[in-house]
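Right, one structure below, let's go through it.
What follows is calculated from the coordinates using simple rules that are stated; it is not laboratory data. Computed from a prediction, not measured in an experiment: that's the story for all the values here. For neighbour counting, all protein chains shown are included, and Cβ atoms are generated from backbone atoms with ideal geometry for every residue, glycine included.
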Amino acid sequence: MLATILKGGSTLVAAMLFAGSVSAGWEEVPVQTEGSGDFTSIDFVDDSLGFAMRAKGFDWELYRTQDGGDTWTVLASGEEDADSSRGVAEVDFFSATNGWMWFGSAFDGPLLRTTDGGVTWTPVETPLSTAFGPEVVAAHFFDDNTGIIAGDGRDADNARIILARTDDAGATWQPVYTPSRFDAVGIDFRDSLVGGVTGGAGSVLTTVDGGMTWSAPNTNISETWGIIHYSRTTSQAWVGGELGSLMQSDDSGQTFLSASPRTTGRFDQLYHAPDGTLYVSGEVGPSGLFYVVDPERGRWFLDNVVTFTSQGIRYPNTVLAIVEKPDGTLYAGGRRMMRLANST
C-alpha cells in the first residue's frame, strides 16, 4: 500500500506541524452520489488507481477512480453495519485486485476480502468473534498477506484475546497475546516491529518487536484512547482521546506526554505526513475546524478551509478520512470528497 489512510471523526481538527505558509486550497471533488452518507475511507494503490468507502447508515458503497481521483464511480455495494458516525467503514488495497474491508461496529464487525478488484467480497473467518458475531474493530495490514486485527474474541483454550495475526492473507490466524485485555478501539504500526493498540479506560499497549512483548505506558488519563498513530519517518507517536486529550511520544510509544491542544470535543484520527505535517481529526461541535500549528512560533491558527457549498450556503465538511497519494496530493472524505489542490 502506498498511502496511509485516516478515518474517524465528525468534524476536522487538523494540527499541521511545519514551517511555511498555511495552504487553504481545498476544493470539492465532484462525485455522483445518491442519498445521505459519508466517505469514511479513501485509499490509493498508486497515483491513478484509488478506492473510497461511503457509509450510508447500515449500507455501504465502494467507489473507484482510475484517473487519479478526478472521477469516481460505484463499484460495489452491500448491507453491513457501516457506521459512519464512528468513521469505521474502511477499505485497504495493496494491488488492483486484492483488498480488505472492515466495519468495526459495536456488535457486528466482519472482515471482508476481495481478489477481483472490489467487485465481490467474501467474509474472512477470524478468532475475533463473540456471541454477537464477528468483532473486528480495527486492522493494520503490512502487505497483502500480513496483518494484525483488533477486536474481541477467544483462542482455542477459550482465553480472551484482543489481537490476531495472519501471514497468509487470512487463511489462518494466530492469537497475539497481550499482558492485559480491554475493549480495543485503535491500532497502528510504524513498521513490522513498532506499533501499538489503544482502547477504553486509558488503555495503551505498545511493542517494538512485532508483538512478541508489550509494554503499557502510563498516560495518567482514564478516558478512552480512540486512536493511535505512528510517524513513518520519525520515532514519534500520538494517542488521541474521546474527551479531547492528545498525547505525544518521542520514543516510539514507550512514554507519552501531554501535547497541545486539548479540546472539549473528541480526537478521532491522526496522520504524520513525510513533510512533518501532523493532521488530527476529531469532533469539536457543529463547526468544521482546521487548526494549524507552527512549532517554531508555538502558535495555533484557525482557518475554515475544509468546507463545501450547497445551494449557495457554505457548510463545514464532516471529515472522516484523509489520505495522501504517492504524488503528495491530499484527499479528505466526509459528507463530500475534498482535495487540497496545491498540496503537490
How large is the charge dipole for region 100-156, taken about the Cα centre, if only the Cβ atoms of Lys, Arg (+1) and Asp, Glu (-1) carry charge, to the nearest 20 debye?
60 debye
Checked region 50-174 against the a/c 1.5 cut and the a/b vs b/c comparison, axes a ≥ b ≥ c from its Cα gyration tensor; verdict oblate
With 19 Å as the cut-off, how large is the P(r) tail for region 142-207, expressed as percent of Cα-Cα pairs?
30 percent
The simple spin-label model distance between Ser215 and Thr73, using points 7 Å out along Cα→Cβ, in nm, is 5.2 nm
Charge dipole of region 23-77 about the Cα centre (unit charges at C-beta), most positive-ward option of Tyr63, Trp26, Ser36
Ser36
Radius 13 Å from Cβ of Gly253, net charge of other residues (Lys, Arg +1; Asp, Glu -1):
-4
